[in-house]
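The values are calculated or read from the model by the stated rules, or taken from the named source; none is laboratory data. Computed from a predicted structure; not experimentally measured. Methodologically, a virtual Cβ is constructed for each residue, glycine included, from the backbone with ideal geometry; neighbour enumeration extends over all protein chains shown. SASA here: full protein model, heavy atoms, side chains in, ligands and nucleic acids out. Shrake-Rupley method; radii C 1.70, N 1.55, O 1.52, S 1.80 Å.
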Amino acid sequence: QAGIERALLRCLDAETGKLLWEAPFSGSPSWNRQLSPIVYQNLVIYPFSTGKFDAKNWLFEHQSTFGFPKDHKALVRAWNFNTGKEVGTKDFSEFGSGGDDGGLCLMDGTLYYSCYFGDSANKRRGFSNALGVTAAIEPDNGEVLWSTNEYCVHAGCTVTGENGRLYLGGYNPVEGKTNRVWCLDA
């Protein structure tokens, strides 16, 4: 993050620290970036969100999803590893509005994405009761293999996977006072 006006994905030479390329992306300059980009073959993949934030709402806690702007869209973007040129973007805004609380994992050649929208924030924006979205994506072409809006990460957590299972959790209760960690068949 480079302040409220800029967010940059940067590729550095590990030996020298020299900047090789940088690519701008949009979204909240808040503190809730939980993960590094996923590097897969010749791609660098990162989840983020769009939306124009004002100065009073840009730094929010994980439970304060009421501060998201109306044009908030959950995105996953791929850049070319060598050049930093955008290869493709997947927009998940059909499921709801949000995308700052989310993450990626790579398991057995499939990319898994999950993000939390916040139920009350989405209701105010006219979306369904979906808390978020979780999806399996073919990293080479961006094809969504499956998706669900029944289960997602929630507040301060990212999706993890092992042995054909996905684990989704977070510290923000999503059912009243009950906190959940879901395990899904990938």
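Below is a table of values for the structure above.
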read-out	value
Given (1) surrounded by fewer than 21 Cβ atoms within 10 Å (Cβ to Cβ); (2) at pLDDT below 80; (3) under 16 Å from the mean Cα position of the chain (by Cα), number of the condition Phe66 does not satisfy	(3)
Yes/no for Ser120 being assigned to a helix (DSSP H, G or I) and either within 20 Å of Gly161 (Cβ to Cβ) or at pLDDT below 95 (or both)	yes
Criterion violated by Asp140 - all others in (1) in a loop (DSSP other than H, G, I, E, B); (2) within 28 Å of Asp71 (Cβ to Cβ); (3) open to solvent by 30 Å² or more (accessible area, probe 1.4 Å); (4) modelled with pLDDT of 80 or more satisfied	(2)
Residue match in segment 96-112 (condition: at pLDDT 95 or above, hydroxyl-bearing (Ser, Thr, Tyr) and in contact with a strand residue (DSSP E or B) (Cβ under 9 Å, 6 or more places away or on another chain))	yes
Segment 159-172 - residue that is under 19 Å from the mean Cα position of the chain (by Cα) and outside any strand (DSSP E or B) and, of those, modelled with the highest pLDDT	Val159
Residue check for Ser93: open to solvent by less than 10 Å² (accessible area, probe 1.4 Å), modelled with pLDDT of 75 or more and in a loop (DSSP other than H, G, I, E, B)	no
